Amino acid sequence: MPRPLVLTTGFGPFEDVPENPSERIALGLAASPPPGIEVVAEVAPVSFARAPQALAGALERLAPRSPDLLLGLGVHRRAGYRVELRARAGLTKRGRTDVDGIAAAEADTSSGADLRTEVEDAVRAFVAGDESFYLSEDAGGYVCERLYRAHLEHGLQLRRPALFVHVPHLVHARLEAQVADLGRLVAALLA
């Protein structure tokens, strides 16, 4: 029987983040996955159009196998891990541009209702036992929100859960510690 498979995405550089910790953590999880779990990492550009395409491409390369969990990672400015429970239907950072120079207002093609993670109960249980993780209802309204929505949409199609976590800059926590912390979360969600 194959090991559970996680597809994780991290982002490349953007704005004042020349070395994005989400990229390094995604690659670190793939290199040192939790015991008994296989992790495949994809690095996406901070682009409204190309980030969802990178996710779709990774899923195509894995086919016919489907991941047991889709995990998106992005960076935020605070310490701790911000676990996103929903992705809004629209983008709220209307004037903010991506690495391609496209503003959120131009890129916002979302419609329909907000989407929520299917592992919310498991996430809440995990977060209750670990103060370095906290819950959020606001995925940021920028490319992270767009990619999280793509994770959730693919998850619905594949009947697999999806989740997005904003990780802190490396000044708040070492890379190895963040890889281990996210590994614990992954293992808990797949248990």
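Which whole-number percentage describes the relative contact order of the stretch 22-104, with Cα contacts under 8 Å and a sequence gap of 6 or more?
About 27 percent, as a whole number.
What percent antiparallel are the DSSP beta bridges of the chain, to the nearest 5? Walk me through the numbers on the way to the answer.
Details: 7 of 29 bridges.
Looking only at bridges with both residues in the chain, the antiparallel portion is about 25 percent.
Could you please rank His154, His166, His172, placing first whichever residue has the fewest other Cβ atoms within 10 Å of its Cβ?
Working: His154 20, His166 23, His172 16.
Exposure proxy ranking, most exposed first: His172, His154, His166.
Explain nothing, just the number: relative contact order of the stretch 81-191, from Cα pairs under 8 Å at least 6 residues apart, as a whole percent. Before the final figure, lay out each step's value.
On the way: 143 pairs, mean separation 41.1, N = 111.
About 37 percent, as a whole number.
Sketch the reach of a paramagnetic label on Arg77 as a point 7 Å from Cα along Cα-to-Cβ, and name the residues of the stretch 10-53 whose backbone nitrogen lies under 12 Å away.
Within reach of a label on Arg77, which here means backbone N under 12 Å from a point 7 Å along Cα→Cβ, the stretch 10-53 contributes 16.
So what is the 222 nm mean residue ellipticity for the chain from helices alone, if each DSSP H run of at least 4 adds -39500 (n - 2.57) and you divide by all residues, rounding to the nearest 500 deg cm²/dmol? Intermediate values should be presented prior to the final figure.
On the way: 6 runs with 69 residues, N = 191.
Rounded to the nearest 500, the figure is -11000 deg cm²/dmol.
So, in nm, how far is label Asp130 from label Arg96 when the simple model puts each one 7 Å beyond its Cα toward the Cβ?
Those two pseudo-labels are separated by 2.5 nm.
Taking 8 Å as the Cα distance limit and 6 or more residues as the minimum spacing, I'd like the relative contact order of the chain as a percentage.
Numbers: 376 pairs, mean separation 56.3, N = 191.
Answer for the chain is 29 percent.
Modelling each spin label as a point 7 Å along the Cα-to-Cβ direction, I'd like the Ala89/Leu62 distance in nm, to one decimal.
Rounded to a tenth, the inter-label distance reads 2.8 nm.
Rounded, prolate or oblate: which fits the stretch 82-191 when a ≥ b ≥ c are the square roots of the eigenvalues of the alpha-carbon gyration tensor, with rounded for a/c under 1.5 and prolate only if a/b beats b/c? The partial results should precede the final answer.
Values: a/c = 2.23, a/b = 1.39, b/c = 1.61.
Oblate.
About the Cα centre of the stretch 5-190, how large is the charge dipole given +1 on each Lys and Arg Cβ and -1 on each Asp and Glu Cβ? Please answer in debye to the nearest 20. Please report the intermediate quantities before stating the final value.
On the way: 20 positive and 25 negative charges, 22 e Å.
With Lys and Arg at +1 and Asp and Glu at -1, about 100 debye.
Full-extension gain between Leu158 and Ala113, please, as 0.36 nm times their residue separation minus the C-alpha to C-alpha distance. Don't jump to the answer; show the numbers that get you there.
Working: separation 45, 0.36 × 45 = 16.20 nm, distance 1.89 nm.
Result: 14.3 nm gained on full extension.
Counting only the backbone N, which residues of the stretch 1-19 are under 15 Å from the spot 7 Å out from the Cα of Glu38 toward its beta-carbon?
1-8
Which whole-Hz couplings ³J(HN,Hα) result when phi for each residue of the stretch 113-123 is put into the Karplus expression 6.51 cos²θ - 1.76 cosθ + 1.60, θ = phi - 60°, listed in order with x for Gly and Pro?
After applying 6.51 cos²θ - 1.76 cosθ + 1.60, I find 8, 4, 10, 10, 5, 7, 9, 4, 4, 5, 5 Hz.
Where does each of Leu115, Leu163 land when they are ranked from fewest to most other beta-carbon atoms within 10 angstrom? Can you show the working numbers first?
Working: Leu115 19, Leu163 26.
Fewest-to-most Cβ neighbours within 10 Å comes out as Leu115, Leu163.
Cα centroids of the stretch 1-61 and the stretch 84-145: how far apart, whole angstrom?
First find each Cα centre; the distance between them is then 17 Å.
Each value in this text was obtained by applying a stated rule to the coordinates, not by laboratory testing. Everything numeric here is computed off the predicted structure, so don't read it as measured data. FYI the Cβ positions are ideal-geometry reconstructions off the backbone, even for glycines, and counts take in every protein chain you see.
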